[in-house]
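The structure under discussion appears below in the form of structure tokens.
Just so it is clear, none of the values below were taken in a lab; they were calculated from the coordinates. None of the values given here were measured: they were computed from a predicted structure.
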Amino acid sequence: MAKYILPQLAEQDVENIAQYSLEKFGLQQAEKYILGLHQALDTLIEYPTMGSSQHHININSRRYVYRSHSIY
């Protein structure tokens, strides 16, 4: 399976999501959410055309929704 490298700003977003989840929902839920988010990223590497086209942003842009967050 291909690997992904998140840009620094995206990595910071994930860290912020984890911190927020920890504060609001506890450790177990935060870990579950972040694991699921990384699984969604793995899936997008395998199936890059998942999600909806966002041609109004960029011709090759797509949006995939994972629970409360969007991945572009």
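General observations
- The chain: angle of helix 27-46 to the longest principal axis, Cα-based, in degrees nearest 10: 20 degrees
- Whether the chain is rounded, prolate or oblate, judged on the alpha carbon gyration tensor where a/c under 1.5 counts as rounded: prolate
- Fully extended contour minus Cα-Cα distance, from Q29 to L9, at 0.36 nm per residue: 4.9 nm
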